[in-house]
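First up is the structure itself, then whatever we jot down about it.
The values are calculated or read from the model by the stated rules, or taken from the named source; none is laboratory data. Just so you know, these numbers come straight off a predicted model, no measurement behind them. Cβ coordinates were reconstructed from backbone atoms using ideal geometry, including for glycine residues, and neighbour counts include every protein chain displayed.
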Amino acid sequence: MATKRKSVSSAARIAPPELPDAAPNQWEADRRLEEGELYSDLVISDQDFSGQSASRVEIRRVRITNVKAVAAVLRFSRLIDVRFDHCDLANADLYGATLNRIEIIDCRMTGVRLNSSEIADAAIENGKLDLAQFRSSKFKDCRFVACDLREADFYEAKLAGVTFSGCDLRGAQLYGADLKGTDFRGSQLEGLQLRAEDLSGAIIDSVQLVALAGDFASLLGLKVL
């Protein structure tokens, strides 16, 4: 029987993954991902899926620890009730994926591609997500904590209500993103790529306002002498 565990996030609204009480099955050594396969009630640890390709995979109620999936292709896959710990997902392609009740802790995700994806009830902490792509993706009840998101691409993403706490978003692309109620307080925002109107409804603190003054002036076509 599955039980709800306390979320790593302080945002009470984020539902944590539902993982099995008892020790689930272990992943068999050298087993490969297969197209359209369902994987459930598993522990996957110390495996290397780098470069593998298997679209429309479904992963449910799985703990994934110390796993490498560099440049793996898992397009249109569904990951539900999954926890990642200390994994390397750099340059993985999860275009069109669905992620629901996900925890991603201390993972490397440089250049990961999650374009046109749906991400809900997700807590991502201490992640390296520089150059990550989330173009046109939809987020609901998600929190990023202490993540490196430098030059990440959120072009036209739906980020309403998302929290970025203590994150580095310098140079991130937010052009056309929905930022109503998006909480950036405590994060680095210098050099954001966006229009002035894109920030409508976003939440920032006074320190960030001062740091962004030059960027705002440039966006508004002002000359500060």
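Numbers at a glance
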| quantity | calculated |
| --- | --- |
| Unique match (being closer than 14 Å to Gly127 by Cβ and either modelled with pLDDT under 95 or within 13 Å of the chain's Cα centre (by Cα) (or both)) among Leu94, Leu89 | Leu89 |
| Region 149-178, residues that are of a type in the set (Gly, Ala, Ser) and not in a loop (DSSP other than H, G, I, E, B) | Ser165 |
| Hits in region 118-131 (condition: part of a loop (DSSP other than H, G, I, E, B) and touching a strand residue (DSSP E or B) at 6+ places or on another chain (Cβ under 7 Å)) | Asn126, Gly127, Leu129, Asp130 |
| Filter result for the condition that a residue is small (Gly, Ala, Ser) and modelled with pLDDT under 95, over Ser117, Ser200 | Ser200 |
| Cross-chain or 6+ apart pairs with Cβ under 9 Å, region 15-27 first and over 14 Å from Ile59 (Cα atoms), then loosely packed, with under 13 Cβ neighbours inside 10 Å | Ala15/Lys4; Pro16/Lys4; Pro16/Lys6; Asp21/Met1; Asp21/Thr3; Ala22/Met1 |
| Which listed residue is under 13 Å from the mean Cα position of the chain (by Cα) and of a type in the set (Asp, Glu), from Asp48, Asp153 | Asp153 |
| Criterion: part of a loop (DSSP other than H, G, I, E, B) and either outside the structural domain of Phe49 (by TED's automatic domain parsing) or modelled with pLDDT under 95 (or both) - qualifying residue of Gly181, Gly111 | Gly181 |
| Cβ-Cβ under 7 Å pairs, at least 6 apart or on other chains, region 35-54 side closer than 18 Å to Asp93 by Cβ, far side polar (S, T, N, Q) | Glu35/Ser55 |
